[in-house]
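Report on one structure; see the data block that follows.
Readers should treat all values here as calculations from the given coordinates under stated rules, not as data from a laboratory. All figures in this text were calculated on a predicted structure; none of them were measured in a lab. When we count neighbours, we look across all protein chains shown, and the Cβ atoms used for this are built from the backbone with ideal geometry, even at glycine.
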Amino acid sequence: MSQLISTFQNQQGQFWQALLEHIQISLISIFIAILISIPLALLLRRFPKIAEPILQVTGIFQTIPSLALLGLLIPFIGIGSLPAIVALVVYAIFPIVQNTYTGLEQIEPSLIEAATAFGMNRRERLMKFELSLAMPFIMAGIRTSTVMVIGTATLAALIGAGGLGNFILLGINMNDVSLILIGAISSALLAIIFSSLLKFLEKAKIRTILISFFIGLLVLGGSYYRPQTSDHPQITIAGKLGAEPDVLINMYKLLIEKDSNIRVNLKSNFGDTTFLYNALKAGKIDIYPEYTGTITSTFLKDPVNSTDPAVVWQKAEEGIKKLNQFTYLSPMKFQDTYALAVKSDFAKEHQLTKISDLPNVSGLTAGFDVEFANRSDGNIGLKKLYGLDLNVKTMQSSLIYNALNSGAVNVAEVYSTDSQIKQYNLTVLKDDKNLFPPYQAAPLMKESLLKKYPELKKILNKLSGKITDQEMIEMNYDVNVKQEDASKVAERYLKAKGLI
């Protein structure tokens with residue numbers, strides 16, 4: 001519990017922003033679903049022959065896995081809040097349509113006949129008593145949809161829409177239970193609060209309900225208001241999940257705001273490689289730190305087969321410029337590449353300093369993720385180049401360190417700047433035959449941004465050749481383990497090197 005409280009205190013700034021984003025996405029989706037569903041239910045009541053097929057279709061929408069639906073929407077409407085809202089609206093429609101239709105159908109025919117006898121037309125009957133009688137059903141449908149939407153909205157983080165799902169994804173990525181609990185518990189509490197409010201409104205008068213929803217719309221609209229505080233030009237810099245990208249983008253911000261009149265908006269833990277890349281292409285962000293090996297192996301059609309950092313960066317720089325008219329600036333010194341690690345006492349016992357020492361130890365068990373176990377620059381390469389025949393256990397990357405620390409495996413696939421290397425006192429074995437490709441970080445942006453702000457090149461290149469592997473490990477450790485704010489860690493490094 002103390003760890004949970006400590007993590008929450010250190011993440012307060014990000015938490016309130018994520019909570020606001022989660023509420024915004026959820027409420028927008030619910031309001032749109034209401035505007036679609038209630039008129040649709042009224043229409044179905046007038047044409048009962050088509051009611052059953054339409055209800056079946058809206059019900060089928062709910063059977064589509066939410067993650068699959070988000071993936072299907074990306075090619076058509078990109079990433080960010082819009083596809084998340086569209087997906088949530090799709091899920092929210094069915095309960096509201098079904099309950100509204102059922103509520104209207106439950107009204108006694110004799111009441112309708114009596115109202116008609118008094119001279120009421122269809123609209124008057126609807127407004128004066130039919131909606132009032134059906135309102136408990138309608139509100140129950142809205143309540144069901146709201147709870148479902150708030151829970152499903154955690155997946156919006158997967159496509160860069162933010163929300164409380166960011167904490168869950170970051171917690172999984174960092175194997176931090178406290179972060180996962182913060183996201184999950186907050187989402188659950190939010191659903192309970194809104195469910196209770198809507199349950200209270202179930203028995204209220206229509207006028208009270210309409211006023212409540214109108215106030216909700218005003219508050220929602222007001223939450224998007226941002227006062228203009230500066231006439232300075234602004235750019236948006238985003239980072240992938242994890243401490244390392246968070247530290248790097250804070251360095252970019254500090255350097256840019258020190259040496260120019262540009263103001264920087266940061267989007268920390270924005271998503272994985274694909275979403276950041278698509279966001280950059282779509283103009284939703286302006287800069288993000290990308291790794292040389294990622295560009296050559298993921299984005300370019302002809303990945304370079306070289307372990308020379310300079311060659312890989314040149315190929316990445318030339319290839320990404322030709323592919324997307326992107327500018328890729330000079331990289332930093334550290335390499336966040338694949339590595340093999342063992343516990344330090346195990347390394348001392350067996351005199352291990354490099355990968356080529358491993359064949360001298362029999363019965364080794366290795367912990368790899370599925371991708372590494374099947375990569376030519378992973379386990380396949382270890383067999384061919386080093387003659388290693390390991391007993392491989394595949395698992396999620398977030399579990400590998402725990403497996404190594406507990407002794408379930410002897411050798412683990414790691415990234416060379418992970419904070420866990422220091423946290424668990426591990427020895428990283430030297431890749432003495434240069435199997436693993438270089439992964440150096442550098443700012444990636446559109447050429448048009450650099451033409452608009454040419455000073456960015458000189459400013460950001462101040463980090464070129466800076467930051468060693470050990471320095472990056474230390475900074476990741478400060479953020480992940482010591483729970484320091486990434487901006488403070490970035491500022492401390494830049495001041496120590498005389499860059500600010």
Using a Förster radius of 25 Å, what is the FRET efficiency between Ile185 and Asn10 based on their Cβ-Cβ separation? Nearest 0.05, please.
0.95
For the stretch 82-94, take each phi angle, set θ = phi - 60°, evaluate the Karplus expression 6.51 cos²θ - 1.76 cosθ + 1.60, and give the result in whole Hz per residue in order, putting x for glycine and proline.
4, x, 5, 5, 4, 4, 5, 5, 4, 6, 7, 5, 4
Compute the long axis of helix 131-152 from its Cα atoms, compare it with the longest principal axis of the Cα atoms of the chain, and write down the angle in degrees, 0 to 90, nearest 10.
0 degrees
Under unit Cβ charges (Lys, Arg +1; Asp, Glu -1), what dipole magnitude, rounded to 20 debye, does the chain have relative to its Cα centre?
1280 debye
What percent do you get for the relative contact order of the stretch 2-223 when only Cα pairs under 8 Å and 6+ apart count?
27 percent
Calculated from backbone phi, Karplus (6.51, -1.76, 1.60) coupling profile of the stretch 372-381 in Hz, x at Gly/Pro:
4, 5, 10, 8, 5, 9, x, 5, 4, x
Relative contact order [Cα under 8 Å, 6+ residues apart], the chain, whole percent
15 percent
Using the Cα centre of the chain as origin and beta-carbon charges of +1 (Lys, Arg) and -1 (Asp, Glu), tell me which of Met120, Ala373, Gly141 is placed farthest towards the positive end of the dipole.
Met120
Under the rule of at least 5 residues apart or a separate chain, name every residue whose amide H is placed under 5 Å from the amide H of Asp369.
Met395
Treat the count of other C-beta atoms within 10 Å as a stand-in for reagent exposure and order Leu463, Leu35, Leu198, Leu88 from fewest to most.
Leu35, Leu198, Leu463, Leu88
In the structure displayed, which of Lys281/Lys466; Lys321/Lys452; Lys433/Lys462; Lys253/Lys452 lie more than 23 Å apart, Cα to Cα?
Lys281/Lys466; Lys433/Lys462
Sort Met135, Met1, Met120, Met251 so the one with the fewest other Cβ atoms within 10 Å of its own Cβ comes first.
Met1, Met120, Met135, Met251
Computed about the Cα centre, the charge dipole of the stretch 2-223 from +1 Lys/Arg and -1 Asp/Glu charges at the Cβ has a magnitude in debye, to the nearest 20, of 560 debye
By how many degrees, 0 to 90 and rounded to 10, does the Cα axis of helix 309-324 deviate from the longest principal axis of the chain?
30 degrees
Relative to the present Cα-Cα distance, how much length would full extension add between Asn434 and Lys205 at 0.36 nm per residue of separation?
75.1 nm
Selection from Tyr101, Ile77, Ile185, by position along the positive dipole direction of the chain (Cβ)
Tyr101
For Val86 paired with His232, estimate the spin-label separation in nm (one decimal), with each label point 7 Å from Cα along the Cα-to-Cβ line.
3.6 nm
Rank these for me by crowding, Ser330, Ser397, going from fewest to most other beta carbons within 10 Å.
Ser330, Ser397
Quick check on the chain: helices-only [θ] at 222 nm, where DSSP H runs of length 4 and up contribute -39,500 (n - 2.57) each and the sum goes over total residues. Nearest 500, please.
-18500 deg cm²/dmol
Spin-label point model (7 Å from Cα, Cβ direction): what's the Leu399 to Leu217 distance in nm?
4.9 nm
Whole-Hz Karplus ³J(HN,Hα) for the stretch 483-492, in order, using 6.51 cos²θ - 1.76 cosθ + 1.60 and θ = phi - 60°, x for Gly and Pro?
6, 7, 5, 4, 5, 5, 5, 5, 5, 5
Where in the stretch 360-399 is the amide nitrogen less than 19 Å from a point lying 7 Å along the Cα-to-Cβ axis of Gln3?
396-399
Inter-label distance for Arg46 and Asp302, nm, one decimal - labels placed 7 Å from Cα along Cα-to-Cβ
6.3 nm
Report Rg/Rh for the stretch 2-223, rounded to two decimals, where Rg is the Cα radius of gyration and Rh the Kirkwood radius.
1.05
Test of understanding: extend the Cα→C-beta vector of Lys452 to 7 Å, then name every residue of the stretch 234-248 with backbone N under 11 Å from that spot.
234-236
The stretch 1-70-the stretch 237-270 distance, computed between alpha-carbon centres (Å)
31 Å
What is the diffusion coefficient of the chain in µm²/s, taking the Kirkwood radius over Cα pairs and the Stokes-Einstein relation at 4 °C with a viscosity of 1.567 mPa s?
50 µm²/s
Give me Rg over Rh for the stretch 338-429, both radii from the alpha carbons and Rh done the Kirkwood way, two decimal places.
0.91
Using Cα atoms only, what is the angle between the long axis of helix 273-282 and the major principal axis of the chain, expressed in degrees (0 to 90) to the nearest 10?
70 degrees
